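Taking it in order: structure first as structure tokens, then the write-up.
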Amino acid sequence: MHVKTKLDAWLNGVIEAGWLAALVVAPLFFNVFSSRVFEPDKISLIRTIALIMLLAWLVKLANGGPAWMPRFAATPVPEAVDEAPPSAWWQRVAQIPLLIPILLLIVAYLLSTFFSVARFVSWWGSYQRLQGTYTFLSYITIALLTMAHLRHPDQIRRIQHVIVLTSLPIALYGVIQNRQLDPLPWGGDTTSRVAANAGNAIFLAAYLIMAFFFTLERVYSSFAYLLGYKPSTHAESQDIPTALAGGAYLFVLMVQLLAIFWTQSRGPWLGLFFGLYLFVLLLFTALRPKRHRLWTSIWIGLGVAGVAFLILVNVNSSLFPGLRNVPYLNRLTTLLEAEGGTGEVRVLIWQGVAEMIAPHEPLKFPDGSEDPVNALRPLVGYGPEAMWIAYNPFYPPALAQLEARNASPDRAHNETWDSLVITGGIGFVAYLAVFIGIFYWALRWLGLLVGRRDTFLFALLLALSAGASIIAFYFYDDGSWRFFGVA
């Protein structure tokens with residue numbers, strides 16, 4: 001068995017400092033003196049952090065550390081162990097949650113990059129975004145090294161506090177922008193839809209809703225402690241510090257909510273609503289058995305009614321017409337907007353993307369040659385950051401009336417379509433496997449998936465809901481696959 005040395009402890013500290021630094025740098029940093037300001041500048045730092053973490057792990061390996069990541073038990077925070085008993089490598093891989101889908105996604109990215117219509121761009125990333133395969137592998141490096149070294153509850157708490165504290169100045173900046181007090185002269189409008197350190201309202205809201213739930217847990221735990229739900233080992237002297245901490249967390253939570261609200265981003269808003277709904281649902285499941293079924297049933301009924309109402313006001317504009325005139329709230333009545341505004345732009349982009357991933361005539365390159373792997377495109381995609389190069393033959397003419405005529409979309413504005421364009425069917429399957437795995441293990445660790453019956457029910461509901469959604473959108477759009485990504 002490998003004996004820990006001071007060097008091992010120092011290297012473990014470097015790796016943990018790396019993932020904590022990434023959680024601070026990625027959302028917080030931007031450079032107004034750069035021509036690109038946001039994404040490439042952030043990503044350059046993240047790449048560097050990933051390299052430092054990888055170097056620390058390699059030194060640890062050379063020092064005689066464990067050659068493979070420790071095994072994970074089916075619990076959210078595994079016991080603190082350094083090595084697992086020897087076993088075959090494929091058994092070790094199978095025992096680590098999410099690792100196989102992640103490895104499949106890596107293979108899909110590498111295949112897509114190899115067969116890309118622009119290999120150099122796909123590997124290094126485009127000038128504007130820098131989200132190429134190298135960047136993707138940097139994300140994976142940070143994720144896997146975090147997975148391998150996140151062994152103690154104290155580390156979880158440090159991550160949580162870093163996320164909460166980092167989100168505060170970002171959310172405050174959003175509030176400053178909305179109040180028209182921003183000292184920086186941005187080119188676009190950052191008052192009606194705040195963008196803060198992300199440079200994009202949707203990116204900002206998407207980040208803040210993740211930070212919001214870390215903060216919400218701290219608020220809940222602090223006030224639950226004050227109401228008497230405290231460990232018997234804790235002294236009464238902790239009440240005042242806990243109350244102060246709870247008040248501070250509540251302040252951060254309110255600032256986060258204001259910034260999310262002022263982004264006016266419909267997707268993140270829905271994520272916030274469904275997240276809060278699930279949070280309350282999990283609280284009800286923790287009540288005593290006699291109350292559990294009643295409150296859970298009521299809450300599920302309210303959720304079904306809320307979803308039905310949301311669908312109706314978007315499908316039939318004649319219902320509740322007054323809602324479309326209510327500031328901010330009107331954003332939620334245009335979720336399926338396809339004939340105006342940003343909704344029309346996205347639907348037209350999806351129309352072209354649907355043609356891109358379907359069998360078609362080979363693309364022609366500037367030198368007159370044809371795409372030699374055209375038959376494989378539905379499987380391997382066009383490569384990371386290469387959509388804008390391959391999209392022109394499928395560009396809907398109507399899109400030129402809404403956007404600049406020299407502009408070519410570099411993203412589909414939908415994760416499903418982006419996955420199919422970038423990595424094809426192979427990457428899409430791996431992408432779905434990652435997210436299904438996240439939900440599966442989260443539900444299992446929460447004690448909501450127990451035994452084969454629950455697992456079968458989970459798979460059945462997943463398949464039925466996805467199938468029903470695809471069929472409903474197919475007929476809603478008169479036999480078009482444009483809304484497949486949304487479905």
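Odds and ends about this structure:
- Of all residues in the stretch 301-326, those satisfying the criterion of being at pLDDT 80 or above and open to solvent by less than 50 Å² (accessible area, probe 1.4 Å) are Gly301, Gly303, Gly306, Ala308, Leu310, Val313, Asn314.
- Among residues of the stretch 368-398 being open to solvent by less than 70 Å² (accessible area, probe 1.4 Å) and of a type in the set (Asp, Glu), the one that is nearest to Trp124 (Cα to Cα) is Glu385.
- Looking across the stretch 365-394, the residues that are free of Cβ contacts under 8 Å to residues at least 24 places away in the same chain and either in a helix (DSSP H, G or I) or closer than 13 Å to Thr113 by Cα (or both) come down to Asn374, Ala375, Asn392.
- Selection within the stretch 312-329 - touching a residue at least 60 places away in the same chain (Cβ under 8 Å) and not in a helix (DSSP H, G or I): Tyr328
- The stretch 436-487, residues that are open to solvent by less than 40 Å² (accessible area, probe 1.4 Å), within 24 Å of Leu420 (Cα to Cα) and of a type in the set (D, E, K, R): Asp477
- Residue match in the stretch 225-247 (condition: under 20 Å from Thr263 (Cα atoms) and among the small types (Gly, Ala, Ser)): no
- Residues considered: Phe439, Phe428, Phe435, Phe458. Of these, the only one that is within 17 Å of the chain's Cα centre (by Cα), under 21 Å from Thr296 (Cβ atoms) and of a type outside the set (S, T, N, Q) is Phe439.
- Screening Trp269, Trp295 for residues that are in contact with a Phe, Trp or Tyr (Cβ under 7 Å, 6 or more places away or on another chain), in a helix (DSSP H, G or I) and surrounded by 11 or more Cβ atoms within 10 Å (Cβ to Cβ) leaves exactly one candidate, Trp295.
- Candidates Thr285, Thr263, Thr333, filtered to the one that is over 21 Å from Ala196 (Cβ atoms) and open to solvent by less than 30 Å² (accessible area, probe 1.4 Å): Thr333
- With respect to the stated conditions, Arg179 is open to solvent by 20 Å² or more (accessible area, probe 1.4 Å), free of Cβ contacts under 8 Å to residues at least 24 places away in the same chain, within 18 Å of Leu258 (Cβ to Cβ) and charged (D, E, K, R).
- Among the residues making up the stretch 177-199, those that are more than 26 Å from His161 (Cβ to Cβ), of a type outside the set (D, E, K, R) and not in a helix (DSSP H, G or I) are Gln180, Leu181, Pro183, Leu184, Pro185, Trp186, Gly187, Gly188, Thr190, Thr191, Ser192.
- Residue in the stretch 420-428 that is open to solvent by 30 Å² or more (accessible area, probe 1.4 Å) and of a type in the set (Gly, Ala, Ser) present: no
- One residue stands out among those in the stretch 151-164 that are under 20 Å from the mean Cα position of the chain (by Cα) and in contact (Cβ under 8 Å) with a residue 60 or more places away in the chain: the one that is surrounded by the most Cβ atoms within 10 Å (Cβ to Cβ), which is Val164.
- Every condition in (1) part of a helix (DSSP H, G or I); (2) surrounded by fewer than 17 Cβ atoms within 10 Å (Cβ to Cβ) holds for Val353 except the one numbered (2).
- Some residue of the stretch 412-431 being free of Cβ contacts under 8 Å to residues at least 12 places away in the same chain and of a type in the set (S, T, N, Q): no
- Residue list for the stretch 244-260, filter: open to solvent by 30 Å² or more (accessible area, probe 1.4 Å), without any contact (Cβ under 8 Å) to a residue 60 or more places away in the chain and touching a helix residue (DSSP H, G or I) at 6+ places or on another chain (Cβ under 8 Å): Ala245, Leu250, Leu257
- Residue count for the stretch 168-194 satisfying the condition of being at pLDDT below 95, within 25 Å of Leu329 (Cα to Cα) and among the small types (Gly, Ala, Ser): 2.
- Tally, over the stretch 200-229, of residues that are in contact with a Phe, Trp or Tyr (Cβ under 8 Å, 6 or more places away or on another chain) and assigned to a loop (DSSP other than H, G, I, E, B): 1
Table: residues versus (1) in a helix (DSSP H, G or I); (2) free of Cβ contacts under 8 Å to residues at least 24 places away in the same chain; (3) of a type in the set (Phe, Trp, Tyr).
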residue: Lys4; (1), (2), (3): no, no, no
residue: Ala17; (1), (2), (3): yes, yes, no
residue: Val37; (1), (2), (3): no, no, no
residue: Pro40; (1), (2), (3): yes, no, no
residue: Ile43; (1), (2), (3): yes, no, no
residue: Ile49; (1), (2), (3): yes, no, no
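- When residues of the stretch 338-350 are limited to those that are part of a loop (DSSP other than H, G, I, E, B) and open to solvent by less than 60 Å² (accessible area, probe 1.4 Å), the one farthest from Leu137 (Cα to Cα): Gly340
- Residue list for the stretch 4-27, filter: open to solvent by 30 Å² or more (accessible area, probe 1.4 Å), under 21 Å from Val162 (Cβ atoms), of a type outside the set (Val, Ile, Thr) and over 17 Å from the mean Cα position of the chain (by Cα): Ala9, Trp10, Asn12, Gly13, Ala17, Leu20, Ala21
The values are calculated or read from the model by the stated rules, or taken from the named source; none is laboratory data. Only a predicted model underlies this, so the values are computations on that prediction, with no experimental measurement involved. Every residue, glycine as well, gets a Cβ built from its backbone with ideal geometry; the counts of neighbours run over all protein chains shown. Surface areas here come from the heavy atoms of the whole protein model, side chains and all, with no ligands, DNA or RNA. Shrake-Rupley method; radii C 1.70, N 1.55, O 1.52, S 1.80 Å.
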